[in-house]
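S.K.: Take this structure first; my questions come after.
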Amino acid sequence: MKRTLNVARMHAIAWPLIIGWPLVVLAISFVISYTIFALVPTTDNEYNFTGSVFSMYGFAIGFYIQAVTQTFPFALGISVTRREFFNASALVALVQSAVLATLVYVLSIIEASTGGFGVKLRMFGIFRYATDDPALQWLGIFTTVLLVAAIGLVVGVVYQRYRVTGIFGLGLASIVLLGGGAIVVTWQRWWPEVGDFFVDTPRILLLVVIPLVLTAIFGLAGWAGLRRATA
């Protein structure tokens, strides 16, 4: 455990990428969104939705890509084992997800209590569309940030093992998979059932269980790739 904590401190050196940059991006996104909705005429909508909070997820992916492509080779060079590096990365992901989830949730409370900061803005409370349960709202943010971190780890592993060709192949496979899925759903006219799934599925399953299962799948894939990745 001590070795894992020591390796986690290596990640902490990049704290601007873990916490700093997401906060800066959130702050800038908030200022832009607030200014836009303060300038436009008031509408009859209950909320003025903006997806700016999703920029936070992009930096979570970026951090774990650089963790594998830059920190991982250095760690192997100082005799850190692959398992210690993976465990430390998982620990950092848990802490990072908890910190960001708490921050965004607190901001969502302020947002809701001030009428969207006076302009009906809904940027931080995106999970309020899905549930009124505060615990599920926090868990929804936590699990999705954790899932994005696991995806970032896999992308980093693919690059470390297969370089640019691997990234291009991964991107192509994603397009084929998602595009093929969209074609099948459209062909079978399943879009109403897809919508019903998101509406009718119990919130704890949709916001917590499914993201955690996907996180476990990506985490196992990342570990399998990390075991074979070279420095």
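The values are calculated or read from the model by the stated rules, or taken from the named source; none is laboratory data. Since the model is a prediction, treat every value here as computed from it, not as a measurement. As a convention, Cβ positions derive from the backbone with ideal geometry for all residues, glycine included, and neighbour counts pool all protein chains shown. Remember, those area values only see protein heavy atoms, side chains included, never the ligands or the DNA or RNA. Shrake-Rupley method; radii C 1.70, N 1.55, O 1.52, S 1.80 Å.
S.K.: Would you pick out the residues in the range 20-42 that are more than 17 Å from residue 126 (Cα to Cα), part of a helix (DSSP H, G or I) and among the hydroxyl-bearing types (Ser, Thr, Tyr)?
M.R.: If the condition is that a residue be more than 17 Å from residue 126 (Cα to Cα), part of a helix (DSSP H, G or I) and among the hydroxyl-bearing types (Ser, Thr, Tyr), then 35 is the only one that fits.
S.K.: Against the condition touching a Ser or Thr at 6+ places or on another chain (Cβ under 7 Å) and open to solvent by less than 50 Å² (accessible area, probe 1.4 Å), how does residue 7 come out, does it pass? Break it down stepwise before answering.
M.R.: Numbers: touching a Ser or Thr at 6+ places or on another chain (Cβ under 7 Å): no; open to solvent by less than 50 Å² (accessible area, probe 1.4 Å): yes.
No.
S.K.: Still on this structure: Please list, ordered by first then second residue, the pairs with beta carbon atoms under 9 Å, 6 or more apart or interchain, first in the range 44-71 and closer than 20 Å to residue 221 by Cα and open to solvent by 30 Å² or more (accessible area, probe 1.4 Å), second at pLDDT 90 or above and of a type in the set (Phe, Trp, Tyr).
M.R.: Hits for this filter: 65/159; 69/159.
S.K.: Taking residue 186 as the residue in question, decide whether it is open to solvent by less than 40 Å² (accessible area, probe 1.4 Å), over 30 Å from residue 69 (Cβ atoms) and among the β-branched types (Val, Ile, Thr). Spell out the reasoning first.
M.R.: On the way: open to solvent by less than 40 Å² (accessible area, probe 1.4 Å): no; over 30 Å from residue 69 (Cβ atoms): yes; among the β-branched types (Val, Ile, Thr): yes.
No; evaluated as a whole, the condition is false for this residue.
S.K.: Can you find a residue in the range 134-144 that is of a type in the set (S, T, N, Q), more than 23 Å from residue 52 (Cα to Cα), modelled with pLDDT of 95 or more and in a helix (DSSP H, G or I)?
M.R.: Of the residues in the range 134-144, the ones of a type in the set (S, T, N, Q) are 137, 143-144.
From what's left, more than 23 Å from residue 52 (Cα to Cα): none.
The answer is no, given that none of the residues of the range 134-144 is of a type in the set (S, T, N, Q), more than 23 Å from residue 52 (Cα to Cα), modelled with pLDDT of 95 or more and in a helix (DSSP H, G or I).
S.K.: Being under 30 Å from residue 122 (Cβ atoms) and assigned to a helix (DSSP H, G or I), is that true of even one residue in the range 71-83? Let's see the steps before the verdict.
M.R.: At the first step, the residues of the range 71-83 found to be under 30 Å from residue 122 (Cβ atoms) are none.
No - not one qualifying residue is present in the range 71-83.
S.K.: Within the set of pairs 6+ apart or on separate chains, which have a first residue in the range 169-184 that is free of Cβ contacts under 8 Å to residues at least 24 places away in the same chain and over 23 Å from residue 159 (Cα atoms), a second that is open to solvent by 60 Å² or more (accessible area, probe 1.4 Å) and not polar (S, T, N, Q), and C-beta atoms under 8 Å apart?
M.R.: Taking only residues 6 or more apart or on different chains, the pairs are 184/190.
S.K.: Please go through the range 129-145 and give me each residue that is under 21 Å from residue 47 (Cα atoms) and open to solvent by less than 60 Å² (accessible area, probe 1.4 Å), ordered by number.
M.R.: Applying the first criterion (under 21 Å from residue 47 (Cα atoms)) to the range 129-145 yields 129-134, 136-138, 140-141.
Within the range 129-145, 130, 131, 136, 137, 140, 141 meet the criteria.
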